[in-house]
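**Student:** The structure is given below, and queries will be raised subsequently.
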Amino acid sequence: MFNFYNTFYKVGYLDLKTLREATRWGCITEEQFKTITGEDFVTK
């Protein structure tokens with residue numbers, strides 16, 4: 001799933017909110033979130 005989220009985030013089909021939701025649901029790890037976005041995953 002990492003490649004899917006990484007690719008679609010980079011081309012603009014997914015936004016930061018979607019990636020946060022995917023991390024909450026366990027589709028990607030917090031480490032993968034940081035790799036994709038460059039930001040730490042912080043729950044709100």
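**Student:** Find all pairs meeting these conditions: Cβ atoms under 6 angstrom apart; at least six residues apart or on different chains; first residue within segment 3-15 and touching a residue at least 24 places away in the same chain (Cβ under 8 Å) and within 11 Å of Ile28 (Cβ to Cβ); second residue open to solvent by less than 80 Å² (accessible area, probe 1.4 Å) and assigned to a loop (DSSP other than H, G, I, E, B).
**Tutor:** Tyr5/Ile28
**Student:** A further question on this structure: Filter segment 6-31 for residues that are open to solvent by 50 Å² or more (accessible area, probe 1.4 Å) and either among the polar types (S, T, N, Q) or not in a helix (DSSP H, G or I) (or both) and give the result.
**Tutor:** Thr7, Val11, Gly12, Tyr13, Asp15, Thr18, Trp25, Gly26, Cys27, Thr29
**Student:** Here's something else I'd like to know. Does Lys34 satisfy the condition of being part of a helix (DSSP H, G or I) and surrounded by 11 or more Cβ atoms within 10 Å (Cβ to Cβ)? Walk me through it before giving the result.
**Tutor:** On the way: part of a helix (DSSP H, G or I): yes; surrounded by 11 or more Cβ atoms within 10 Å (Cβ to Cβ): yes.
It is true that Lys34 is part of a helix (DSSP H, G or I) and surrounded by 11 or more Cβ atoms within 10 Å (Cβ to Cβ).
The values are calculated or read from the model by the stated rules, or taken from the named source; none is laboratory data. None of these values were measured; they are calculated from a predicted model. No Cβ is skipped: glycine too gets one built from the backbone with ideal geometry, and neighbour counts run over all protein chains shown. These accessible areas exclude ligands, DNA and RNA; they are computed on the full protein's heavy atoms, side chains included. Shrake-Rupley method; radii C 1.70, N 1.55, O 1.52, S 1.80 Å.
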